[in-house]
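Enquirer: Provided herewith is a single structure, encoded as structure tokens, for subsequent inquiry.
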Amino acid sequence: MYATAHQRRRHVWTYVSGGSESAIYKSTDGGANWSKLENGVPSEDKGRIALAIPPARPDRIYAMIEGHGTYRSDNGGASFKKLNDDYTSGNYYVELISDPVNPDKVYSMDTWMQVSTDAGKTWKSVPEKNWPKDEESLK
């Protein structure tokens, strides 16, 4: 199992996203014990972290780390490699979704949807022309 922690502070007058306690964790015993994954993960303060694990390649982990970019592990979290500086706003959005068949295809869900077809190296916007034009067609 994998989990993330997001250190943040929110008040009416301010919002601080990130800190030294934001991290990625892994458990191999059903959640009884957790280890912090640090090899290749930025040591500086991090914001919200989104994770995605492709079902077709469960040793791969995509991580989009607010304030730092997109990272990938191909060895179950033993080490991560930075792919680019792309990340989404951690305030409300940070969701990664892997394609169930193609482990090199991953979606970033934000106000706008993006897709990477090269294992997280580059991102491009998903065109809106295929989206429903009215609320009635969403039902």
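Enquirer: Only one residue in D118, D86 is assigned to a loop (DSSP other than H, G, I, E, B), of a type outside the set (G, A, S) and free of Cβ contacts under 8 Å to residues at least 24 places away in the same chain. Which one?
Expert: Testing whether each residue is assigned to a loop (DSSP other than H, G, I, E, B), of a type outside the set (G, A, S) and free of Cβ contacts under 8 Å to residues at least 24 places away in the same chain leaves just D118.
Enquirer: What are the pairs with Cβ atoms under 7 angstrom where one residue, in the range 27-50, is closer than 19 Å to N75 by Cα and the other, located anywhere, is in a strand (DSSP E or B) and open to solvent by 80 Å² or more (accessible area, probe 1.4 Å)? Sequence gap at least six, or different chains.
Expert: G40/K81; A50/E95
Enquirer: Hey, S22 hits all of (1) free of Cβ contacts under 8 Å to residues at least 24 places away in the same chain; (2) in contact with a His (Cβ under 7 Å, 6 or more places away or on another chain) but one; which does it fall short on?
Expert: (1)
Enquirer: Any chance the range 44-55 includes a residue that's over 23 Å from I97 (Cβ atoms) and surrounded by fewer than 17 Cβ atoms within 10 Å (Cβ to Cβ)?
Expert: Checked against the condition, which is being over 23 Å from I97 (Cβ atoms) and surrounded by fewer than 17 Cβ atoms within 10 Å (Cβ to Cβ), the range 44-55 yields at least one hit.
Enquirer: Confirm whether R72 is open to solvent by 50 Å² or more (accessible area, probe 1.4 Å), under 25 Å from K124 (Cα atoms) and either in a loop (DSSP other than H, G, I, E, B) or of a type outside the set (A, V, I, L, M, F, W, C) (or both).
Expert: no
The values are calculated or read from the model by the stated rules, or taken from the named source; none is laboratory data. Just so we're clear, the structure is a prediction, and the values are computed from it rather than from any experiment. Here Cβ is always computed from backbone atoms with ideal geometry, including for glycine, and neighbour counts include all displayed protein chains. These accessible areas exclude ligands, DNA and RNA; they are computed on the full protein's heavy atoms, side chains included. Shrake-Rupley method; radii C 1.70, N 1.55, O 1.52, S 1.80 Å.
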